[in-house]
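To start, the structure itself, in structure tokens.
The values are calculated or read from the model by the stated rules, or taken from the named source; none is laboratory data. Quick caveat, the model's predicted, so the values are computed rather than measured. Cβ placement follows ideal geometry from the backbone for every residue including glycine, while neighbour counts extend to all protein chains displayed.
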Amino acid sequence: MHRHGYKGKKFNRERDQRRALIKSLAESLIKYESIETTLPKAKELVPYVEQLITKAKKGDLHSRRQIISALQTTTNAHKLVDEIAPKLSGRTSGHLRVSATRTRRGDNSQLARVSFVDDLTKTAASKPAAKNKEKTTIKTVSTPKPKAAAKEIK
């Protein structure tokens, strides 16, 4: 038997359960911006979220609807499009980092942290105000005050 056309790991789950697992991991990653899960799950999660980020950068209505269908809640879909994607605009790919952290105590499985490469706590780059701006001064021409025309009557 050949392996052509097979994509991804099965995780000992049926197809709908695998899809729900990946969706919930992607949802948590967007919500918390960093998650810790097992290494195989992290490796399967990265391409899924990378595609969502690419769609979010496009930002049109069709892409937004595709992202909403790929995630579980609309609030996190809007967060991805409106908040996270503009901060990642300087990078074309490779938005996520997978780093192995520790082994889990119960079953000794390798855990990994999935996080964004860029720092998302910074606000979007705004243009700093020009400090050396020349002050424009308006010169006013003073007119002489008229002298009292009428003298005091005694």
Original post:
Taking segment 103-121 as the search range and keeping residues that are among the charged types (D, E, K, R) and surrounded by 11 or more Cβ atoms within 10 Å (Cβ to Cβ), which one is farthest from Ala26 (Cα to Cα)?
Top reply: Arg104
**OP:** Scan segment 52-71 residue by residue and report those that are under 23 Å from Ser24 (Cβ atoms) and exposed (fewer than 14 other Cβ atoms within 10 Å of the Cβ).
**Re:** Arg65, Ser69
Subject >> Subset of segment 42-100 (residues that are within 12 Å of the chain's Cα centre (by Cα) and of a type in the set (Ser, Thr, Tyr)) >> reply: Thr54, Ser89
Subject >> Only one of Ala70, Ala100, Ala77, Ala20 that is within 25 Å of Lys122 (Cα to Cα), of a type in the set (Gly, Ala, Ser) and at pLDDT 95 or above >> reply: Ala77
Original post:
What's the number of the condition Lys122 fails, among (1) out of contact with any helix residue (DSSP H, G or I) (no Cβ under 8 Å at 6 or more places or on another chain); (2) modelled with pLDDT of 75 or more; (3) not in a strand (DSSP E or B)?
Top reply: (1)
